[in-house]
Amino acid sequence: MSEMIGFIGLGNMGQAMANSLLKAGYLLTVFNRTLSKADVLTAKGARLARQPSEAVTKGGMVISMVANDQALQEIVASQGFLEHLGSGGIHLSMSTVSPETSHKLAHLHALSGSVYLAAPVFGRPEAAATQKLWICLAGPGHAKERVQPVLRALGQGIFDFGEDPGAANIVKLCGNFLILSAMEAMAEALALAEKSGLDRSAVIDMLTHTLFSTPVYQGYGKMIAQKRHTPAGFRQTLGLKDINLVRDLAEQQTMPMPLTSLLHDRLLAGMAKGRAEMDWSALSLDVLENAGLQVPDSPPLQ
């Protein structure tokens with residue numbers, strides 16, 4: 001594992017993923033716009049890059065895990081990035097972005113002789129820290145073969161969705177829509193249980209040990225039942241970004257998705273009420289308020 005890998009984006013997920021690669025024995029050069037976020041990793045042996053192009057080696061591999069389409073496009077457009085990656089280089093984009101962005105960036109990489117792969121993931125930071133991510137992968141076959149060992153060091157399963165890199169992004173958006181939909185359903189069900197005089201935690205405990213014994217229901221169900229949405233594993237701002245990507249994709253496909261509008265409004269209401277930095281499961285607080293139930297310790301409006 002002597003190959004140097006670049007890693008760009010050290011938020012909650014990026015930190016955990018980069019640390020997993022270090023534990024697996026990979027050499028890393030890391031970059032983040034806030035350089036101090038690299039301190040924990042450099043203390044463990046990672047090299048610090050002060051601009052994106054410094055994280056790239058000719059014909060090498062670079063991983064990006066950034067917040068949105070704009071941040072990803074800025075990395076690729078930054079001075080020297082594609083030139084330094086060059087012929088034979090691979091950019092493994094693990095962010096949740098639109099399929100259009102993946103198509104655009106795949107074309108730009110091809111012009112420089114490098115390859116863009118889309119590999120968005122399912123799993124919260126704690127899953128990333130224990131190499132338990134589920135990874136959706138799409139792009140040229142020869143490049144996908146080369147990245148397999150790296151992906152196995154990050155996740156518990158890899159699902160190949162073909163040559164079109166945008167396909168992996170579509171799967172990721174579908175999955176995030178389903179996660180948000182599950183949280184909305186749990187929020188409504190538990191509010192109904194509470195208004196009927198039942199203990200929220202007892203109800204979700206029974207349901208997640210029987211009918212809904214899956215990580216999404218078990219993890220988010222407990223948070224929603226306990227009305228506990230900090231610290232955030234995935235912020236409401238990012239949830240709103242993702243549901244907007246789902247809405248855009250649905251419109252492009254002339255696909256009515258009425259539930260996306262409700263989820264959008266839940267998250268937007270949370271933003272308006274100062275909950276932007278809370279976990280996206282905090283959309284359940286809007287359900288509580290509409291039901292006339294107590295909302296604990298909401299932050300002040302900003």
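Derivation of every value follows stated rules applied to the coordinates shown; laboratory data play no part. Being a predicted model, the structure only gives us computed values, none of them experimental. Glycine gets a Cβ as well: all are built from the backbone with ideal geometry, and neighbour counts include every protein chain shown.
Couple of notes before you dig in:
- Crossing angle, helix 12-23 versus the chain [Cα axis fit, 0-90 degrees, rounded to tens]: 50 degrees
- GNM top mover of Ala189, Ala272, Ala110 - the chain, alpha-carbon springs below 10 Å: Ala272
- Here is the list for the range 88-193: GluC sites (Glu not before Pro) lying in DSSP coil, each with at most 13 other C-beta atoms within 10 angstrom of its C-beta, are Glu163.
- The chymotrypsin sites (Phe, Trp or Tyr not before Pro) of the range 191-260 include none that meets both criteria, a DSSP state outside H, G, I, E and B (loop) and at most 15 other C-beta atoms within 10 angstrom of the site's C-beta.
- Counting DSSP beta bridges with both ends in the chain, the antiparallel % (nearest 5): 15 percent
- For the chain, modelled as a GNM whose springs connect Cα atoms under 10 angstrom apart, the maximal fluctuation among Asp160, Asp265, Asp199 occurs at Asp199.
- HN-Hα J in Hz across the range 149-164 - Karplus 6.51, -1.76, 1.60, θ = phi - 60°, x for Gly and Pro: x, 5, 5, 5, 6, 10, x, 9, x, 10, 10, 8, 10, x, 7, 7
- DSSP-assigned coil residues among trypsin sites (Lys or Arg not before Pro) in the range 21-93, each with at most 14 further Cβ atoms within 10 Å: Arg33, Lys44, Arg50, Lys58
- Residues whose amide H falls under 5 Å from that of Gly162, counting only those 5 or more places apart or on a different chain, are Gly139, with hydrogens built in the peptide plane.
- Taking 0.36 nm per residue of separation and subtracting the Cα-Cα distance, full extension of the segment from Gln253 to Gln218 would add 9.3 nm.
- Percent antiparallel among DSSP beta bridges (both partners in the range 1-75, rounded to 5): 0 percent
- Förster radius 30 Å - calculated FRET efficiency between Leu108 and Leu178, Cβ distance, rounded to 0.05: 0.45
- FRET efficiency for the pair Ala77 and Thr34, taken as 1/(1 + (r/R0)^6) with r the Cβ-Cβ distance and R0 = 22 Å, rounds to 0.65.
- Mean projected area (nm²) of the alpha-carbon convex hull when the range 1-55 is viewed from all directions: 3.2 nm²
- Within the same chain, lysines fewer than 8 places from Lys44 are excluded, and of the rest, those with a Cα less than 17 Å from its Cα are Lys23.
- Sequence-ordered 3J(HN,Hα) estimates for the range 241-258 from the Karplus curve with 6.51, -1.76 and 1.60 and θ = phi - 60° stand at 4, 5, 5, 5, 5, 5, 4, 4, 5, 4, 5, 4, 8, 6, 10, x, 9, x Hz, glycine and proline given as x.
- Amide H partners (placed H, <5 Å) of Ile90, local residues excluded: Gly60, Met61, Val62, Val115
- The distance from the alpha carbon centre of the range 28-49 to that of the range 58-110 is 19 Å, rounded to a whole number.
- Sites Gln51 and Thr230, calculated FRET efficiency, Cβ-Cβ separation with R0 35 Å, nearest 0.05: 0.60
- Label point of Met271 set 7 angstrom out along Cα-Cβ; within the range 234-259, amide nitrogens under 17 Å from it belong to 234-249.
- Spacing of the modelled spin labels on Gln70 and Leu192, each 7 Å from Cα toward Cβ, amounts to 4.0 nm.
- Paramagnetic label zone (point 7 Å from Cα along Cα-to-C-beta, Asp164; backbone N under 14 Å) in the range 235-253: 249-250, 252-253
- GNM result for the chain, Cα springs below 10 Å: residue of Met271, Met65, Met206 fluctuating most strongly: Met206
- Where Cα atoms sit under 26 Å apart: lysine pairs in the range 120-247 separated by 8 or more or lying on different chains: 12
- Semi-axes of the equivalent ellipsoid of the range 1-157 are 21, 18, 15 Å, computed as sqrt(5λ) over the eigenvalues of the C-alpha gyration tensor in descending order.
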